[in-house]
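Here's the structure, in structure tokens; my notes come after.
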Amino acid sequence: MIEVGRGQVEYFVTFSDNLPTPPRQARLYMDCDFQIEPGADPELTKLVSGHNHPLAYLSILSNLTVTESHVTAAGAIVIRLGDDVVFTVINRPALDDPQSHGEWRMTQWFAS
């Protein structure tokens, strides 16, 4: 994961495939709730529990490598990252955003 941010309406995270030529990226847009499970690393646990703002919370994922991902039957996307971190994007409105639509979408891979 190489970038986190917020557009006009939704948060996003950007992935890179790390291929030498040409590298590609994809972006996951989130107008929904999400959670981060920090794994066994005490530093990550401290960071996860210490951040209240969604962008600060998402920044924990920067520079972690995706090891596995899948979409559940309920439509949530579960992404496992290095250091046993689990990032789950849930198809329900974000609790802190009354305008949230409770959905996520992933772009196609594009050249970076």
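Remark: C-alpha extents of the chain on the principal axes read 42, 33, 28 Å, sorted largest to smallest. What net charge do the residues around residue 32 carry, taking every other residue with its C-beta under 13 Å from that of residue 32, with Lys and Arg at +1 and Asp and Glu at -1? After counting each charged neighbour, the total is -4.
Taken together, the values in this text are just the output of simple stated rules run on the coordinates, not laboratory data. Given the structure is predicted, the values throughout are model-derived calculations rather than measurements. A quick note on method: Cβ atoms are made from the backbone with ideal geometry, for glycine too, and the neighbour counts reach across all protein chains shown.
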